[in-house]
Structures are given as C-alpha cells and as structure tokens.
Amino acid sequence: MWRGQKVSVVFPTYNEKESIRAAIDEFFVGGLVDEIVVVNNNAAPGTDDEVRPTRARLIHEPRQGYGYAIWRGLAEATGDLLIISEPDGTFAGGDVIKMLAYSDDVPVVFGTRTSREFVWEGANMGFLLKFGNWAVGKLMEFLFNTTILTDVGCSMRLLHRDAYERIAPQFSIGGSAFGPQIMLLTILNGIPFIEIAVNYRQRVGESSVTGNKFRAALLGCTMIAMVLRYRFLSWFGWRPPACNDTLRKREVVP
C-alpha cells in the first residue's frame, strides 16, 4: 500500500523458472506491494509449481508474446498503482519505493538501465544494447519533444490506473516491441511521465530476445520503424484507435 493506494506488480514469465520464486519474495518483502500477478505465457514446465507456494496470483495467457502477457496481467491486476517488472532477477524489489515516490508527481514512471552506477557486474548491458536503447529513446524524445528518454527497452515501469485505462484500449502489439508502444501511447495521449534510474542485475538464465544478437537487432529496427510511423501519422492528426478489449478480465487459472 502506498499513501492509501493499492500497489500491484505484474510479472510475465516464459523462461524464469529458476528465479521467479525469489523475485516474488523480494518484491513482497518491502511491505509496499499488495498484489503480484504472475502471467504464465507458455512458460517452462515447473514454473507454476514455483509460483503456487507464494502469495502471488497465477494467470495463464495462451497467446505467445511479451505484449500479450502484459496486456493480460494489467487487465487482471486490481491495484491503483500498476508496476510492470520481470521475475528474472534483473530488477530489484527495493526500487519499488523509488517508482512509488515519483508516482506522487506524475501518472507514469519509466525505468532506465543506462546509468552506469546502477548497472551491476554481469548484467546484460553491453555497449551495443545500451547504445541501441539510448538511441531509440533519443529519437523518440527528439521527434515528440518530450522529457528525457534514455532506455526504451527497460521493462520496469509504473502506471496509475487512470493512465493505464486511458491507453489500454489502444494496445496493438503482442510481441517484444510492446514496451516502447506503451511509451508512445503515453506521449500521444498527453500523459505526463518521468524516467528514473533503476538497478539492473545479472539475469538468471538466458533471455529469448536480448540473448540473441540477431533478434535484438531486429527488435531495434522494429522499434525505430514504429517511432517513425507514429510520428509521421501524428503530424496529420492521427491518434491510435481503440482496437482491443484488453480491459476485460478473464478467469484466474486455479
């Protein structure tokens, strides 16, 4: 609970069997998180067995993709403040309080992993990955004349419920490029935001995206194309249309 507001965390999981229980415990231990929604997105066998003994709520999303998992998790979460993170050991539960503190001033808080002092030894933040995320962030910042953006790929972020409900009907990307789409929708809807530094640690296991250089490069190109397309269309008065029913809740998997 934060200043009378219920705090929910959404954890999408695909290949985090070895780390997810520790991540759940770490985010709960500070006493600020009221609810953790774990979205099993066709995860590794045994993942559910790691989640069930914890206080987290388990959901299954059969549509494959990071975006679809987050859509589902946010739709199922009941909090006033919604935090998206990863249960792979890279993000620190202690950073929840930083995001909540900034949420007092703005309805959306984006994390950034590009501050050297917060990148731990062994973290997957080499030059190319760091520069790529920084470059796309700067492209977005320049074209839309926003506040500072340095990391479009950081998946730790916070949304007030009203901000989420404003942009959720416009979600249209079910894959890994969903992260920057949230940023673009926030900008195009005129929702105030801030970017803050968060800790970034060594991952437990290997990422299915950033662990593969070809996939990472392809994702970067997809992000750039999306930023350019959204900016070009917005010059002609275009706004992302409502195109889904993601606010509709579904049944919890027992």
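For the reader, a short list of remarks on this structure follows.
- Annotation note: of 70, 59, 36, the sole residue that is assigned to a strand (DSSP E or B), touching a Phe, Trp or Tyr at 6+ places or on another chain (Cβ under 9 Å) and in contact (Cβ under 8 Å) with a residue 12 or more places away in the chain is 36.
- Considering the stretch 231-248, and only residues there that are surrounded by 12 or more Cβ atoms within 10 Å (Cβ to Cβ) and within 20 Å of the chain's Cα centre (by Cα), the residue that is modelled with the lowest pLDDT turns out to be 247.
- Residue check for residue 131: surrounded by fewer than 19 Cβ atoms within 10 Å (Cβ to Cβ), modelled with pLDDT under 95, more than 24 Å from residue 7 (Cβ to Cβ) and not small (Gly, Ala, Ser): yes
- Every listed requirement among (1) under 21 Å from residue 58 (Cβ atoms); (2) in contact with a helix residue (DSSP H, G or I) (Cβ under 8 Å, 6 or more places away or on another chain); (3) assigned to a helix (DSSP H, G or I) is met by residue 87 save one, (3).
- Subset of the stretch 134-166 (residues that are part of a helix (DSSP H, G or I) and without any contact (Cβ under 8 Å) to a residue 60 or more places away in the chain): 134, 135, 137, 138, 141, 142, 162, 163, 166
- Total residues in the stretch 85-102, condition surrounded by fewer than 23 Cβ atoms within 10 Å (Cβ to Cβ) and in contact (Cβ under 8 Å) with a residue 12 or more places away in the chain: 10
- Taking the criterion of being surrounded by fewer than 16 Cβ atoms within 10 Å (Cβ to Cβ) and not charged (D, E, K, R), the residues of the stretch 23-43 that qualify are 29, 30, 31, 42.
- Candidate set from the stretch 194-218 (those that are modelled with pLDDT of 95 or more and among the aliphatic types (A, V, I, L, M)); member that is surrounded by the most Cβ atoms within 10 Å (Cβ to Cβ): 198
- Residue match in the stretch 103-111 (condition: buried (at least 23 other Cβ atoms within 10 Å of the Cβ) and among the charged types (D, E, K, R)): no
- A count restricted to the stretch 129-166 and to residues that are among the aliphatic types (A, V, I, L, M) and farther than 15 Å from residue 84 by Cα stands at 8.
- Candidate set: the stretch 1-21, residues that are crowded, with 19+ Cβ neighbours inside 10 Å and small (Gly, Ala, Ser); chosen: the one farthest from the chain's Cα centre (by Cα): 19
- Members of the stretch 90-108 that are among the small types (Gly, Ala, Ser) and part of a helix (DSSP H, G or I): 93, 94, 101, 103
- Test result for residue 228, surrounded by fewer than 16 Cβ atoms within 10 Å (Cβ to Cβ), more than 22 Å from residue 169 (Cβ to Cβ) and at pLDDT 85 or above: yes
Residue by residue, here is whether (1) surrounded by fewer than 18 Cβ atoms within 10 Å (Cβ to Cβ); (2) closer than 14 Å to residue 227 by Cβ; (3) hydroxyl-bearing (Ser, Thr, Tyr) holds:
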residue	(1), (2), (3)
153	no, yes, no
170	no, no, no
174	no, no, no
177	no, yes, no
187	no, yes, no
192	yes, no, no
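- Residues that are touching a Gly at 6+ places or on another chain (Cβ under 7 Å) and not hydrophobic (A, V, I, L, M, F, W, C) within the stretch 1-15 comprise 6, 8, 12, 15, listed in sequence order.
The values are calculated or read from the model by the stated rules, or taken from the named source; none is laboratory data. What you are looking at is a predicted structure, and each value in this text was computed from that prediction instead of being measured. Reconstructed Cβ throughout: ideal geometry from the backbone, glycine too, with neighbour counts over all protein chains shown.
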